[in-house]
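The values are calculated or read from the model by the stated rules, or taken from the named source; none is laboratory data. Every value quoted in this text rests on a predicted model; they were computed, and no experiment measured them. Here the Cβ is made from the backbone with ideal geometry for all residues, glycine too, and neighbour counts use every protein chain on show. Each accessible area value is taken on the protein alone, full model and side chains, heavy atoms only, with ligands, DNA and RNA left out. Shrake-Rupley method; radii C 1.70, N 1.55, O 1.52, S 1.80 Å.
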Amino acid sequence: MRSISRIQLALLRINIMRKLPKQARSRLLVDSIIDATAIVIARHGLAAATTARIAEQAGISIGSLYQYFDNKEDLYEALLERIVEKLIALVDKQTMTVEPFTLSIWVTRLLNDVWDYLAADNGLYFQVVRNWSQLDFVSGMDALEQKMLSVLSVYLLQQPTRISNNTGDLPARLYILTNSILFTLLRYISKPSPLVSRQSLIAEFASMVERSLL
């Protein structure tokens, strides 16, 4: 097999270095388009979140946008994937803490982190998530459900002596608890109750999990 000369190797490295900035620029451009999608939905609503308006918000031509996304549905999907990935990362962050945690502390910290993330940038992602019923949010909810079920199941397996004898069908109870939290949060984000504050809602979730499982 013919070996690569030093000159050829140097040229190969130069070509790689030339490509990296372009790839980085492309990644930044894609991120800016997804940012623009969130801003347009938050400001104008889902119905007005057209590719033309999103391209204008991103400061690019419609042709440049179509180099990366075929239609507005692809944009919505990319935005939801970003949100779900961040929420899953928040679950991992709380789960991988080195200090011991109780279920109530875990739920409280996790939901406060989720709330802070959605409320950042003047509630940008709150406004996006409020359109969940019109967006294809099912796959995202499935991913979050599986992540939370996995974490709670592992925790309970590590605490066998603390599990209540009255928990009944534990998998069913975990399923109900997880989906109760997820869908109640979506309901509250979509239409907050004036009688329920953020902290009281989170406190009740934490208490409900403790009472139901331990």
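Counting only heavy atoms of protein chains, what accessible area per residue, in Å², does segment 64-214 have with a probe of 1.4 Å?
That works out to 55 Å² per residue.
Under a plain spin-label model, where a point goes 7 Å from the Cα along Cα-to-Cβ, how far apart in nm are ARG25 and MET96?
Label at ARG25, label at MET96, 3.3 nm between them.
To the nearest 10 square angstrom, what accessible area does GLU204 show with a 1.4 Å probe?
We get 110 Å² for GLU204.
Given axes a ≥ b ≥ c from the Cα gyration tensor, I'd like to know whether segment 79-154 is rounded (a/c under 1.5), prolate (a/b larger than b/c) or oblate.
Since a/c reaches 1.5 but b/c is at least a/b, the shape of segment 79-154 is classed as oblate.
Could you tell me what percent of the accessible area of segment 41-82 is made up of carbon and sulfur, with a 1.4 Å probe and every protein chain present?
Roughly 44 percent, rounded to a whole number.
Once you have a ≥ b ≥ c as the square roots of the Cα gyration tensor eigenvalues for segment 33-130, tell me rounded if a/c is under 1.5, and otherwise prolate or oblate according to whether a/b is larger than b/c.
It comes out prolate by the Cα gyration axes.
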